[in-house]
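Beneath this line is the structure, given in structure tokens, with notes to follow.
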Amino acid sequence: MTKETTSGGQETDIGLSMVDVMSLPDQEQKLVNWIMRHKSVSLAEVVAHTGAGEDIARAQLDTLIAQGFVQEVEQGSDRYYRPRLASKRRSKLSTDIWQSLEEKAPGEE
């Protein structure tokens, strides 16, 4: 799990990184990569892609949801699965600049 430190010094979870994905077993890694390429997939699409039965595909998705790699999204009566990865990390320089600006806000000196 990738964490980001806020200007207040608190750490927050921002999602999983590609390094985390690479640590998955081969079958799960391939499924996460496939979901990432498609952005959002249904259970039926996962079943068709994996060639597994619906129960097995659902169990794989449940495992990935529990591990934080995939999130389940409901749209009306339909359920979709999306990757839950960290966005590209901002540079440390960018964070330092914002922190300095917050500390030297006009009217606070």
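Where a number appears in this text, it was derived from the coordinates with a stated rule and is not lab data. The model shown is predicted, which means the values in this text are computed figures rather than measured ones. A quick note on method: Cβ atoms are made from the backbone with ideal geometry, for glycine too, and the neighbour counts reach across all protein chains shown.
So, with +1 on the Cβ of K and R and -1 on the Cβ of D and E, and no other charges, what is the size of the charge dipole of region 47-86 about its Cα centre, to the nearest 20 debye?
My answer is approximately 180 debye.
Going by how many other Cβ atoms sit within 10 Å of their own, how do E72, E54 line up, fewest first?
Arranged by neighbour count, lowest to highest, E72, E54 become E54, E72.
Would you mind checking which residues have amide H under 5 Å from R84's amide H? H placed 1.01 Å from N; only 5 or more apart, or other chain.
Those lying under 5 Å, H to H, from R84 are V70, Q71.
When a footprinting reagent is the concern and you count Cβ atoms within 10 Å, what order do S77, S42 take, fewest first?
Neighbour counts put them in this order, fewest first: S77, S42.
How do K30, K39 rank when sorted from fewest to most other Cβ atoms within 10 Å of their own Cβ?
K39, K30
Taking amide hydrogens as modeled 1.01 Å from N in the peptide plane, which residues meet the under 5 Å criterion relative to A52, leaving out close sequence neighbours?
none
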